[in-house]
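Just below is one structure, and these are the notes that go with it.
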Amino acid sequence: MIRIGLTGPSGSGKGYISSLLAKRGVPTLDCDRVVHTLYQDESFVQVLSMAFGVDLSAPDGSVNRKRLGEIVYNAQWYSPLTEAILAFVKSTQKYVTGDVKLKLYKGNIINAGVTSPYSLYDPEIATFDEDEVYNQADAAGFINLYGLPTKVYAKMKAKNQLK
């Protein structure tokens with residue numbers, strides 16, 4: 001199953017693209033709707049308040065969105081952990097770019113091509129032929145290494161007479 005995440009700033013067309021997909025029978029999940037539903041749940045409000053260390057309850061028991069916005073957008077929740085997580089995420093996305101082509105057909109999304117200037121796939125070296133890039137003798141070691149947990153599990157089951 002292919003999953004597509006539509007991201008972007010407010011007004012960038014996420015809702016429009018989502019509605020086009022839904023009209024073509026593609027299952028969609030509106031995360032904004034999910035979040036707004038959660039914001040009405042008092043137990044979620046309590047968990048959110050604990051996470052931020054401040055009461056985020058509105059008088060009606062829902063999330064005080066104005067207060068949450070002040071905390072988030074004024075970076076009052078910022079910490080060394082947040083800084084480390086954001087640096088990690090930024091580093092993982094450094095070379096994420098390219099083009100994705102999709103075909104929509106009868107409620108399905110079909111991958112019609114993916115390209116990126118930073119792709120690790122290179123048809124000139126993606127071969128099992130004799131060359132300097134891949135030594136076929138290395139495969140035996142990988143097979144043994146990846147098979148080791150299965151062998152150990154099977155031995156444990158035999159030792160303990162488990163089915």
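Nothing in this text is a laboratory measurement; each read-out follows from the coordinates by a stated rule. This structure is a prediction, so every number in the text was calculated from the model and none was measured. Positions of Cβ are generated from backbone atoms using ideal geometry, with glycine treated the same way; all protein chains shown enter the neighbour counts.
Things to note:
- Gain in span if fully extended, N108 to D55, counting 0.36 nm per residue against the direct Cα distance: 14.7 nm
- The structure shown yields Rg and Dmax of the Cα atoms in Å, and of the options [x] 16.0, 50; [y] 24.6, 71; [z] 23.5, 85 that calculated value carries the label [y].
- Considering only A140, Y105, L120, and ranking their Cα positions along the charge dipole of the range 1-155 that arises from unit charges at the beta-carbon of Lys, Arg, Asp and Glu, the one farthest toward the positive end is Y105.
- Virtual spin-label span in nm between T37 and Y153, 7 Å along Cα→Cβ: 3.4 nm
- Modelled label positions at T97 and T7, each set 7 Å beyond Cα in the direction of Cβ, lie 1.6 nm from each other.
- Summary value for the chain: 14 percent relative contact order, contacts being C-alpha pairs under 8 angstrom separated by 6+ residues.
- Over all projection directions, the Cα-based convex hull of the range 19-83 averages an area of 6.2 nm².
- The chain, helix-only ellipticity at 222 nm - DSSP H runs n ≥ 4, -39,500 (n - 2.57), divided by all residues, nearest 500: -14000 deg cm²/dmol
- Net charge dipole, the chain: roughly 800 debye, given to the nearest 20, about the Cα centre with Cβ charges of +1 for Lys and Arg and -1 for Asp and Glu.
- Around the amide H of S57, modelled in the peptide plane, lie the amide H atoms of N64, all under 5 Å away and 5 or more residues distant in sequence or on another chain.
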